[in-house]
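These notes concern the structure reproduced below.
The values are calculated or read from the model by the stated rules, or taken from the named source; none is laboratory data. Note that the structure is predicted; figures quoted are calculated from it, not measured. All Cβ positions, even for glycine, are placed from backbone atoms using ideal geometry, and neighbour counts span all protein chains on display. What goes into the accessible areas is simple: the full protein's heavy atoms, side chains included, and nothing from ligands, DNA or RNA. Shrake-Rupley method; radii C 1.70, N 1.55, O 1.52, S 1.80 Å.
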Amino acid sequence: MYFYIILYHCTDNRNPSFFASLSPSTAVSDYRQSLQFQSLNDEKRNIHMEIIRGGRRVEVSIFDIVVGDVVPLNIGNQVPADGILISGHSLAIDESSMTGESKIVHKDSKAPFLMAGCKVADGSGIMLVTFWMLFLF
């Protein structure tokens, strides 16, 4: 539990003084708000995607993706893990979150490597997950 110390300064002509007061009600309110914010933030990070695992399409959380999963990518999707492009049509990736460069990178058989956390800017494709690490964005 948090407690705030509130300092008061009282002045009268004879005795200037300071005194402190504890405010637990404000602290409890702030603590509850921080828990709600943390819960919403965790929910926001828990993105669900449709993947192909064992030849079947299943919807899983990005936290449950494993090496060997096949992930379809479309405009606006986040690349959930590092991988290799299996096939694609005019696939363009915004890698600025990883490299800092604002240039859109086109992916094909000559440049098939995809990095987790990047966004699909254009086109579509299918990737094979080769490395997975928990990224918290």
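Note down the net charge around S124, summing +1 for each Lys or Arg and -1 for each Asp or Glu among other residues with Cβ under 14 Å from its Cβ. Don't jump to the answer; show the numbers that get you there.
Values: positive: K107, K119; negative: E50, D108, D122.
Every neighbour counted, the sum reads -1.
Calculated accessible area for the range 35-137 comes out at 62 Å² per residue, all protein chains present (probe 1.4 Å; ligands, DNA, RNA ignored). Other residues lying with their Cβ under 15 Å from the Cβ of E59 contribute a combined charge of 0, Lys and Arg counting +1, Asp and Glu -1.
Over all pairs of different C-alpha atoms, the range 65-131 has a mean inverse distance whose reciprocal, the Kirkwood radius, equals 11.4 Å.
Scalar couplings 3J(HN,Hα) for the range 28-39, obtained by applying the Karplus form with A = 6.51, B = -1.76, C = 1.60 to θ = phi - 60°, are 5, 4, 5, 5, 5, 5, 5, 5, 5, 4, 4, 5 Hz; x denotes Gly and Pro.
When the solvent-accessible area of the range 65-131 is split by element, carbon and sulfur atoms take up 57 percent of it, the probe being 1.4 Å. Heavy-atom accessible surface of V66, to the nearest 10 Å², is about 70 Å², with a 1.4 Å probe and all protein chains retained.
What's the FRET efficiency of R45 with K110 using the Cβ-Cβ distance as r and R₀ = 35 Å, to the nearest 0.05? In this case the efficiency is close to 0.60.
Could you work out the relative contact order of the range 65-131, using alpha carbon pairs under 8 angstrom and six or more residues apart, expressed as a whole percent? If you can, show how the numbers build up before the last one.
Values: 179 pairs, mean separation 34.9, N = 67.
Taking the mean separation of contacting Cα pairs over the length of the range 65-131, I get 52 percent.
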